[in-house]
Structure formats: C-alpha cells, structure tokens
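What follows is one structure encoded as structure tokens, with my remarks underneath.
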Amino acid sequence: MPLIALEEHITTPLHKTNTYDETRQKWYRDRSAHIGHDIEKELLDVGESRLAAMDRSGISLQVLSLTTPGTQAFSGPLALEIAIDANDRMARAVAEHPDRFRAFAALPTSDVGSSQSEFERNLGRGFVGALISGHTGGLFLDDRRFWPLFELAQSKDVPIYIHPGAPHPGLMGSYFNGYEDLARPAWGFAMDASMHFLRLLFAGIFDAFPRLKIILGHLGEGLPFGFDRMVDHTPYVASRRGLKRSPRDCFRENLYVTTSGAFSAPAFRCAVDIMGEDNIMFSVDWPYESNRAGAAFFETLELSDATREKIGWSNAARLLRIEPAKVKA
C-alpha cells in the first residue's frame with residue numbers, strides 16, 4: 001500500500017546559518033543520538049539519503065516543508081530571501097523526483113504582500129499548499145492583516161499547515177522560564193499550535209472562509225483529547241463572538257490532522273473518535289522522527305483495509321489533489 005507523509009522537513013544553508021544557536025545545537029545532538037541518525041545532515045538532504053530512508057520504510061511520497069522556525073522568525077528582506085531560497089530548493093527536488101515529492105510553500109509572513117506573491121508563484125511548481133511555523137513577531141494568524149493568505153488558500157483550494165513554532169515570548173518568560181527544554185516538541189509546541197488554531201476558530205476565520213482547510217500535526221496538538229470539554233464550555237463564547245458555525249462543525253469540515261511525531265495508539269484512537277477517519281493522515285515528522293518508527297506504528301494499528309488506505313494515502317491525495325495514479329506503492 002502507498003504511504004504519503006505530509007510533515008517532512010528540510011533546511012537550507014541560508015536558513016541553517018540564520019537559525020544557529022547553542023540550545024538548538026544541543027537539542028540536535030541529543031535527539032540525533034536518541035533516534036539514530038544525524039538530524040542536521042538529513043535536513044539538508046533532498047536527494048539520495050532522503051529517498052533511501054523513505055524506501056526502507058515504504059514511504060511513497062513526502063510533502064516537503066521548511067523546518068521551524070521557518071521564515072516566521074525573520075522580517076524584511078531576509079525573510080523573503082529565506083522563503084525564496086527554501087522554495088526554490090524544494091521546487092528543484094519536486095522537479096527531479098516528481099513521483100516522490102511535493103511541497104508546502106514557505107511564506108515570509110512579516111510581509112503579507114510578499115507572502116501572497118510567493119504563495120502563488122509556487123503553486124504551479126508542484127506545491128500543494130503552504131506551511132507556517134507559529135507566530136510572526138508575536139502576532140498570530142487571527143490578526144486580520146494575515147487573512148488575505150486564507151482567502152488565497154481558499155480560492156486556490158489548497159490547505160495551510162499550521163506547524164508549531166517557539167512559544168510566544170510571554171510564555172517563554174513565564175511557564176517555560178527555567179524549563180526551556182520543555183518549550184519545543186516535549187510540550188510547548190502543542191501549546192503553541194493548538195491555541196493558534198483555536199484563535200483562528202473563535203476569530204471567525206471559518207465563517208469568513210468556509211471552504212478553508214487547515215492541517216495540524218502531532219494528532220491535532222492535543223485538541224482531540226480536550227475537544228468535548230472545550231465544546232461544553234464555549235457555546236456562549238461562540239455566541240458572544242457572533243460565530244455562525246459551531247466548533248464541532250469546523251473540526252469535522254475544516255481541520256485535518258496528521259500522525260506526525262505522535263506514535264501513540266490511544267491518542268490515535270481518540271483522534272479518530274473526534275475527527276473521523278476522513279480527516280486523519282499519516283505523517284512522520286522526518287528527520288526529527290524515524291521513518292521506520294512512524295511506518296511501524298501505522299502498521300501495528302488495528303484498522304480495516306479501507307480505513308488504512310484512507311489514512312495512509314487517499315485522504316492526503318484527495319486533500320492535496322494528487323492523482324492516485326501518481327502515488328506508487
């Protein structure tokens with residue numbers, strides 16, 4: 001059976017140089033030793049090593065994206081330069097291996113006009129949406145200056161993947177002060193991305209753009225687990241904010257989640273119960289996670305053949321408009 005993986009990251013020499021810090025380097029060393037491959041080396045590879053790792057685990061196609069902090073940590077000409085550099089690198093990979101790669105565009109969100117141009121420039125080059133990593137200089141995507149990006153995504157019928165970024169400085173200076181090593185994948189990423197999505201929902205983004213599709217990784221960043229409690233405590237919130245559509249409807253009609261980096265059977269079952277099997281897609285989170293671990297996890301899940309096919313590849317092919325004939329087992 002084919003497998004499509006949607007949250008599979010790259011970097012570029014330019015991005016790597018501008019995001020260098022000792023805390024990140026220590027994390028790379030520790031995580032690389034833990035999972036058994038050199039994360040920094042694999043982030044830079046969009047050819048032989050990446051394809052070999054995919055082949056060893058039966059992954060048919062990866063959707064490439066610029067790793068966190070993406071371009072959201074930058075502003076001005078540098079943000080645009082990093083976005084163009086990363087997008088051109090991914091476009092070359094797609095052109096060289098059109099049966100193995102697609103990509104999500106990196107957007108320099110500090111400049112919405114440039115983001116729109118870069119978004120549109122890449123949609124004809126094997127790109128199937130965009131990925132945004134967290135807040136932009138402390139601003140979240142519910143700020144209406146960013147809404148033209150959602151309007152564009154809806155008009156082109158492509159999703160936006162909201163990937164976690166470093167938590168807002170207010171969180172870093174309070175909840176994570178002295179516990180910075182918990183601020184990223186261990187816990188902070190889920191806080192960042194889940195609240196980012198809820199801000200969009202309660203800002204009325206899905207009333208304004210009812211056909212918009214948002215993707216979250218890591219089995220929904222904890223949202224499926226807390227969904228029923230959130231719904232119970234927000235009907236009056238939604239009413240007070242003038243929302244026309246309920247959170248429950250938005251979760252089923254506008255949100256998709258992937259298994260990236262969340263290889264937990266109980267968490268998976270919870271996500272299926274809340275989201276439905278049509279809104280869940282396989283992913284790995286390469287190279288921060290092992291392709292083998294992600295594929296092995298998926299293999300052990302007790303699923304019908306039809307459900308396994310949906311989550312393994314056909315939901316992604318439908319959402320991203322990838323022709324089934326081009327997805328090879």
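The values are calculated or read from the model by the stated rules, or taken from the named source; none is laboratory data. Since this is a predicted model, take the numbers as computed values, not measurements. Here the Cβ positions follow ideal geometry from the backbone for every residue, glycine too, while neighbour counts run over all protein chains shown. For the accessible areas, the whole protein counts, side chains as well, though only heavy atoms, and no ligand, DNA or RNA atoms are used. Shrake-Rupley method; radii C 1.70, N 1.55, O 1.52, S 1.80 Å.
Mind listing whichever residues of segment 86-125 are in a helix (DSSP H, G or I), under 20 Å from ILE4 (Cβ atoms) and either basic (Lys, Arg) or open to solvent by 50 Å² or more (accessible area, probe 1.4 Å) (or both)? If the condition is that a residue be in a helix (DSSP H, G or I), under 20 Å from ILE4 (Cβ atoms) and either basic (Lys, Arg) or open to solvent by 50 Å² or more (accessible area, probe 1.4 Å) (or both), then ALA95, GLU96 are the ones that fit.
Within the set ALA267, ALA306, the sole residue that is within 26 Å of ARG31 (Cβ to Cβ), open to solvent by 30 Å² or more (accessible area, probe 1.4 Å) and either touching a helix residue (DSSP H, G or I) at 6+ places or on another chain (Cβ under 9 Å) or hydroxyl-bearing (Ser, Thr, Tyr) (or both) turns out to be ALA267. Tell me, which residue of segment 126-142 that is under 18 Å from PRO164 (Cβ atoms) and not in a strand (DSSP E or B) is most open to solvent (accessible area, probe 1.4 Å)? The selected residue is GLY137. Residues of segment 32-64 that are closer than 23 Å to HIS15 by Cα and among the charged types (D, E, K, R): ASP38, GLU40, LYS41, GLU42, ASP45, GLU48, ARG50. Any residue at all in segment 174-189 that is in a helix (DSSP H, G or I) and either under 28 Å from ALA316 (Cβ atoms) or β-branched (Val, Ile, Thr) (or both)? Yes, the conditions are met somewhere in segment 174-189.
Go through the residues of segment 234-253 one by one and say whether even a single one is under 25 Å from ASP192 (Cβ atoms), among the hydrophobic types (A, V, I, L, M, F, W, C) and open to solvent by 40 Å² or more (accessible area, probe 1.4 Å). Taking every residue of segment 234-253 in turn, none turns out to be under 25 Å from ASP192 (Cβ atoms), among the hydrophobic types (A, V, I, L, M, F, W, C) and open to solvent by 40 Å² or more (accessible area, probe 1.4 Å). Of everything listed in (1) open to solvent by 50 Å² or more (accessible area, probe 1.4 Å); (2) more than 22 Å from LEU107 (Cα to Cα), the single unmet condition for PRO169 is (2).
Name the residue that is nearest to GLY129 (Cα to Cα), counting only residues in segment 273-303 that are assigned to a helix (DSSP H, G or I) and open to solvent by less than 40 Å² (accessible area, probe 1.4 Å).
Once the filter is applied, the top-ranked residue is ASN279.
Determine if segment 71-78 includes at least one residue that is open to solvent by less than 40 Å² (accessible area, probe 1.4 Å), over 19 Å from LEU320 (Cβ atoms), polar (S, T, N, Q) and in contact with a Gly (Cβ under 9 Å, 6 or more places away or on another chain). Among the residues of segment 71-78, at least one is open to solvent by less than 40 Å² (accessible area, probe 1.4 Å), over 19 Å from LEU320 (Cβ atoms), polar (S, T, N, Q) and in contact with a Gly (Cβ under 9 Å, 6 or more places away or on another chain), which makes the answer yes.
Scanning segment 81-96 for residues that are over 16 Å from GLN62 (Cβ atoms) and aliphatic (A, V, I, L, M) yields ILE82, ALA83, ILE84.
Listed here are the residues, each with its yes/no results for (1) over 27 Å from GLN25 (Cα atoms); (2) hydroxyl-bearing (Ser, Thr, Tyr).
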{"residue": "VAL128", "(1), (2)": "yes, no"}
{"residue": "PHE150", "(1), (2)": "yes, no"}
{"residue": "TYR161", "(1), (2)": "no, yes"}
{"residue": "LEU171", "(1), (2)": "no, no"}
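Take the conditions assigned to a helix (DSSP H, G or I) and open to solvent by 40 Å² or more (accessible area, probe 1.4 Å) and apply them to SER155. Does it pass? Walk me through how you get there before you give the answer.
Working: assigned to a helix (DSSP H, G or I): yes; open to solvent by 40 Å² or more (accessible area, probe 1.4 Å): yes.
Answer is yes for this residue.
GLU48 meets the conditions (1) more than 19 Å from the chain's Cα centre (by Cα); (2) open to solvent by less than 30 Å² (accessible area, probe 1.4 Å); (3) of a type in the set (D, E, K, R) in every case but one. The failed one is (2).
Within segment 254-264, which residues are open to solvent by 10 Å² or more (accessible area, probe 1.4 Å), assigned to a loop (DSSP other than H, G, I, E, B) and either over 15 Å from PHE225 (Cβ atoms) or in contact (Cβ under 8 Å) with a residue 60 or more places away in the chain (or both)? Break it down stepwise before answering.
Restricting attention to segment 254-264, the residues satisfying the condition of being open to solvent by 10 Å² or more (accessible area, probe 1.4 Å) are 256, 261-264.
If we keep only those that are assigned to a loop (DSSP other than H, G, I, E, B) too, we end up with 261-264.
If the condition is that a residue be open to solvent by 10 Å² or more (accessible area, probe 1.4 Å), assigned to a loop (DSSP other than H, G, I, E, B) and either over 15 Å from PHE225 (Cβ atoms) or in contact (Cβ under 8 Å) with a residue 60 or more places away in the chain (or both), then GLY261, PHE263 are the ones that fit.
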